[in-house]
Amino acid sequence: MTGGTIAAMSQSLLESVTLGLAQRRLRAQLDTRRWRALTRRFPGVLASMEGMDLGPWVTPLWEGFNAKMLSAIEPVPPMRFLRESVIRRSMFVDVRGAWLQAQMELLTGHFGAEQLRELAAETPVGDPPLCDASLMTSHNTVHHLAHLARYEQHTGSQLAACSTVLEWGGGYGNLCRLMHRMSSELERYIIVDTPLFCALQWLYLSMTLGEDRVSLWTGNGDPPATGLVIVPVPAVPELDVNVDLLISTWALSECSPLAQDHVSGARDWFGAVRLLLAFQASNAQLPEAGRLDAIARNADCDVLPVGVIDDNFYAFR
Ligand SMILES: C[S@@+](CC[C@H](N)C(=O)[O-])C[C@H]1O[C@@H](n2cnc3c(N)ncnc32)[C@H](O)[C@@H]1O
């Protein structure tokens, strides 16, 4: 072994020990009493959406992910739910290396060191794997912030100026949490997703933003005019709202063509002037994903490569 190899090994050992200690510090921040109290209510939240028909909205891929996810989080989500393989496969980026480095450079340049430190700091909820002990952040949070930074850089506009947002397919709720960190002006933030992910978002966002701000709306009466409103996709035909910004990152592209056409055509993006979309080219698992390219261009979006992932694109308006 050369001196250089030994130095590199010691460096990587030091980094993994530092990250391990940071992860322990993060875990210690979790309010376990609140987590237990909220998870006790989780089965009731899920049951309130029982029997909703997902049929026309979802792709076979997401039917499969939902079935796997259900067995992973029943009767209640585990405290470290972000470590579940179905989440890691479908929505938690943790690639690190050159991908992470490029996004860190983008974020430092765009937000500056101080704001980045505030935005990037992870919450302990779900036990996200940290990738940076100094910023106490995960690659997925860096990845989500990179979408927001790219949008602002490309369009020259400030996301914080938007007061109403609809996010289609919000994962476990991380982008919504980050949007709330970025903007104190947010009046109403609506997330549409499958009932199972709606229940998970209810839990994650109640923990991170406060349960007083979070409501689940299943289609009866008017949706709440303020706060964070979570809507199961079968209730969308009843959802009569107009927003400033519509966000959908790797979600509309992962929905059925009926859902894609409903949002972009019948609902005209829920009146949104601004669009922040991310999507992949069609592939064997998602043969309709690439439809988003023509849909976005038709809506006067600029389509540009994501860069760190081949054959993946942003569409901004
Ligand atoms: C690949 S994940 C992306 C999550 C998040 N937007 C992100 O970029 O990390 C796809 C998201 O779309 C949601 N989804 C799948 N089918 C959907 C449908 N028919 N309607 C609404 N959301 C759907 C999934 O539950 C998940 O939240």
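Structural remarks
- Which numbered condition His154 misses (of (1) buried (at least 19 other Cβ atoms within 10 Å of the Cβ); (2) touching a residue at least 60 places away in the same chain (Cβ under 8 Å); (3) under 24 Å from Gly271 (Cβ atoms)): (1)
- Val95 meets each of the listed conditions (1) assigned to a helix (DSSP H, G or I); (2) within 16 Å of the ligand (Cβ to nearest atom) apart from (1).
- Among the residues of the range 146-181, the ones that are more than 10 Å from the ligand (Cβ to nearest atom), part of a helix (DSSP H, G or I) and modelled with pLDDT of 95 or more come to 15 in all.
- Among the criteria (1) open to solvent by 20 Å² or more (accessible area, probe 1.4 Å); (2) in contact with a His (Cβ under 9 Å, 6 or more places away or on another chain), the one Val306 does not fulfil is (1).
- Here the helices (runs of 4 or more DSSP H) wholly within the range 1-87 that include at least 1 residues being open to solvent by less than 80 Å² (accessible area, probe 1.4 Å), more than 14 Å from the ligand (Cβ to nearest atom) and small (Gly, Ala, Ser) are 3-28, 32-47.
- Exclusive hit being closer than 13 Å to Gly169 by Cβ, of a type in the set (Asp, Glu) and within 15 Å of the ligand (Cβ to nearest atom), set Glu288, Glu254: Glu254
- Residue match in the range 184-192 (condition: within 17 Å of the chain's Cα centre (by Cα) and among the polar types (S, T, N, Q)): no
Table: residues versus (1) of a type in the set (Lys, Arg); (2) over 17 Å from Leu119 (Cα atoms); (3) free of Cβ contacts under 8 Å to residues at least 60 places away in the same chain; (4) open to solvent by 30 Å² or more (accessible area, probe 1.4 Å).
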| site | (1), (2), (3), (4) |
| --- | --- |
| Ala133 | no, no, no, no |
| Thr137 | no, no, yes, no |
| His143 | no, no, yes, no |
| Leu166 | no, yes, no, no |
| Leu175 | no, no, no, no |
| Ser183 | no, no, yes, no |
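The values are calculated or read from the model by the stated rules, or taken from the named source; none is laboratory data. Fair warning: this is a prediction, and the values are worked out from it, not measured in the lab. Don't worry about glycine lacking a Cβ; one is built from the backbone with ideal geometry, like all the others, and counts go over all protein chains shown. Remember, those area values only see protein heavy atoms, side chains included, never the ligands or the DNA or RNA. Shrake-Rupley method; radii C 1.70, N 1.55, O 1.52, S 1.80 Å.
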